[in-house]
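The values are calculated or read from the model by the stated rules, or taken from the named source; none is laboratory data. Computed from a predicted structure; not experimentally measured. Neighbour counts are summed over all protein chains in view; Cβ atoms, including those assigned to glycine, are modelled from backbone coordinates with ideal geometry. We work out accessible area using only protein heavy atoms, side chains counted, and drop any ligands, DNA or RNA first. Shrake-Rupley method; radii C 1.70, N 1.55, O 1.52, S 1.80 Å.
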Amino acid sequence: MTTRTDAPTRREQILKEAARLFAERGFHGVGVDEIGAAVGISGPGLYRHFPGKDAMLAELLVGISGQLLTGAKRRLAEADGSSADAVLDSLIEGHIDFALDDRPLITLHDRELDRLRDTDRKLVRQLQRQYVELWVEVVREVYPGLAEPGARSAVHSVFGLLNSTPHLGRAGSLPGRGAMAELLHRMARGAFAAAEA
C-alpha cells in the first residue's frame, strides 16, 4: 500500500516478491534462492538486506498493519471539518486500495501470522486494534443507533468483506479495478447500514 511514485528500492522489490511467493506457496514452501531469483540477485545476496525469511515476514506483516493505521490517521487529519459520512467513505476507500492492491499480504496475514515471533505478532495485533478503534469512532458517528460492541463487530465484518479479495479469483477475472472498488464500497456501506437496522 505505497503511495510513492518513484522506483521501488531493492529492499521494497524483495519484500514485494517475498509476499507474492509466500502467498502462492506458503512461507516454508519458498527458499531465499527463489526470492533472490525473483529480484535478480543471488539468495545469499538477500542477507545484505534482511537477516532471513523470518525478518521479511515480520516486516511485511508489521509494515502493512502500520501503513493501514498511518493511512487512516492521515485520512482523518485531512478530513478535518468534513462530515462523518465523508470521513467513513475515505476510510473505506483507503482499505479498498489495500484490499485490491495488496492481495498477497491479505493471504499472508491469514496463513502466516502465527509464524511471527511473539513480540512481532503482538505488535501487529496492537496496530490492528488501534486501526479498528479509529473506524469504530467514525462508524458510531455515522450510525448512532449502533452501540459500541455492534459497531466494532460491524467494522470487523466489513474488513472481512473487503479482505475477501484474494478469494474472488484471478485479477483478470474480476470487473475492472474501478468497478470492483465501487462494488466493494457499496457493499461496505450497505453492511454498516444493515448493522444499524
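Run through region 53-148 and list the trypsin sites (Lys or Arg not before Pro) located in a DSSP loop whose Cβ has at most 12 other Cβ atoms within 10 Å.
Arg117
State, to one decimal in nm², a quarter of the convex hull surface area for the C-alpha atoms of the chain, i.e. the direction-averaged projected area.
Working: hull surface 47.9 nm².
Orientation-averaged projected area of the Cα hull: 12.0 nm².
I'd like the carbon and sulfur percentage of the solvent accessible area for the chain, probe radius 1.4 Å, heavy atoms only, ligands and nucleic acids excluded.
In the chain, the share of accessible area belonging to carbon and sulfur is 52 percent.
Which value, in Å², gives the accessible area per residue of the chain when a 1.4 Å probe is used on the protein heavy atoms?
Values: 10300 Å² over 197 residues.
Counting only protein heavy atoms, the per-residue value for the chain is 52 Å².
Computed FRET efficiency, Cβ-Cβ of Arg125 and Asp85, R0 41 Å: what is it to the nearest 0.05? Write out the running numbers ahead of the final one.
Working: r = 30 Å, r/R0 = 0.72.
Taking R0 as 41 Å, the efficiency between Arg125 and Asp85 is 0.90.
What Rg and what Dmax come out for region 1-89 when only alpha-carbon atoms are used, in angstroms?
Calculated on Cα positions, Rg and Dmax stand at 16.8, 52 Å.
Counting Lys and Arg as +1 and Asp and Glu as -1, each charge on the Cβ, what is the dipole of the chain about the Cα centre in debye, to the nearest 20?
Details: 25 positive and 27 negative charges, 94 e Å.
That gives a dipole near 460 debye.
What are the DSSP H helices in the chain that stretch 27 Å or more along their long axis, judged by alpha-carbon atoms, and whose average Kyte-Doolittle hydropathy comes to at least -1.0? Provide the component values of the computation, followed by the final result.
Details: long enough: 53-78 (37 Å, 0.27); 118-142 (36 Å, -0.65); 177-196 (29 Å, 0.11).
Helices meeting the span and hydropathy rule in the chain are 53-78, 118-142, 177-196.
State, as an integer percentage, the relative contact order of the chain based on alpha-carbon contacts under 8 Å between residues 6 or more apart.
Values: 172 pairs, mean separation 44.2, N = 197.
It rounds to 22 percent for the chain.
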